[in-house]
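To keep things clear, I will list the structure first and then write my remarks on it.
No value in this document is a laboratory result; all are computed from the given coordinates. It should be emphasised that the depicted structure is a prediction, and the values quoted were computed from it without experimental measurement. Cβ sites come from the backbone with ideal geometry, for glycine too, and all protein chains shown count toward neighbours.
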Amino acid sequence: MKKKIDIKVFKQWSLEKQMEYIVQYYSKDLYWVIRPMVKTHENADDVLQNTFIKIYKNLKNFRYDSRLFSWMYRIAVNESLNFLKKQKKHLTTDGQDELINLLKSDPYYDGDEILLLLEKALLKLPPRQQEIFRLKYFSRMKFQEIADLLSISVGSLKASYHLAVKKIKNELNLLDE
Amino acid sequence: MNMKNKTDIEKYFEKMADAYQMPEGYFEHLGKNFDWQTKSENNRKIFKINTRWLVAAMFLLLISLGWFAKQQFMPKNSLLNDTIKRTNFPVVNQENFDDLSDDEIIDYLENDTDMDEILDYL
């Protein structure tokens, strides 16, 4: 349940109350931004906490030029990427296989082999296309909402999406052979 | 795996997202006890309630004060006294009272006369 709030009212609140609101009403959204990037629930939980710490530290400096969620979304994505970079240092391969293995071992993942193949194909996409995918399927956002969030036109967004679908289909056909 | 068209693959994408689970009730504790009012709004709200009750209480107080004042400070027999002052009592013109001035008679009536007696007389 999320209650929309007027940004003027939000600005009047103390920092603690603003954070309370963000934690209560954006945790779930931010979790579903982070989770498909870092794959496991445990990792997503850690990154979500780091994201909130960063939001708390920087909320004073937020100028309200952009939407609050867009700003938090960027922080969540950057935190997830930093987390993956740090993890890569400990990994032997390029990280994709390791991530898939992590996903397999996660008790909160319920996918079969086919879905794991799709995950693998998704990881091979360019970051922007992966991002569009995550927002469309994991955050359950509409094209218009994604376009607003990423500040791109709906047309180019749909083009990127269809290109990504095509790439995944190719990837899976190759895998089938 | 048979994914010939776009719709098929999109169904798989939906399944891909659904495969991600969360511990049960992971975010359920959130968003239940949030005070939506700002501090100033809260204060204003309390002030509004107080003012409303304060005004109502003041009215009641004034009305009851007025009533009590009427009861307490208005002479009980003021109407009677006024009547006595305005009326030419026959008793004043009787013989035995000829030597008394009007003021003395009024003084006598106000202080020493039993009011029941006067009422009987009237």
* With springs connecting C-alpha atoms under 10 Å apart, model chain A as a Gaussian network and identify which of A:74, A:134, A:63 has the largest mean-square fluctuation. => A:63
* To do: With a cut-off of at most 13 other beta carbons within 10 Å, and DSSP calling the residue loop, which chymotrypsin sites (Phe, Trp or Tyr not before Pro) in segment A:1-78 qualify? Please list them.
  => A:64
* For segment A:112-177, what relative contact order do you get, as a whole percent, if you take Cα pairs closer than 8 Å and at least 6 residues apart? -> 39
* To do: Compute the distribution of all C-alpha to C-alpha distances in segment A:112-177, in bins of 10 Å from 0, and list the percent of pairs in each, rounded to whole numbers.
  => 21, 51, 23, 5
* Structure fact -> Label model pair residue B:105, residue A:66: point-to-point distance (7 angstrom along the Cα→beta-carbon line) in nm is 10.5
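For chain A, which semi-axes, largest first and in whole Å, follow from the square roots of 5 times the eigenvalues of its Cα gyration tensor? Before the final figure, lay out each step's value.
Values: eigenvalues 192, 80, 36 Å².
Each semi-axis is √(5λ); the values are 31, 20, 13 Å.
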* To do: Find the centroid of the Cα atoms in segment A:51-91 and in segment A:14-38, then give the distance between the two in whole Å.
  => 11
* Asked: Under a GNM of chain A (C-alpha, springs under 10 Å), which listed residue has the highest mean-square fluctuation: A:116, A:149, A:48?
  -> A:116
* **In nm, spacing of pseudo-spin labels at residue A:130 and residue B:11 (7 Å Cα→C-beta vector)** => 2.8
* Asked: Picking from A:156, A:139, A:70, which is most flexible by a Gaussian network model of chain A using Cα springs under 10 Å?
  -> A:156
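Using R₀ = 45 Å, calculate the FRET efficiency as 1/(1 + (r/R₀)^6) where r is the Cβ-Cβ separation of residue A:53 and residue B:50; round to 0.05. Provide the component values of the computation, followed by the final result.
Numbers: r = 41 Å, r/R0 = 0.91.
According to the calculation, E is roughly 0.65.
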* Is there a pair in A:8/A:85; A:142/B:11; A:60/A:88; A:28/A:57; A:142/A:167 whose C-alpha atoms are over 27 Å apart, and which pairs would that be? -> A:8/A:85; A:60/A:88
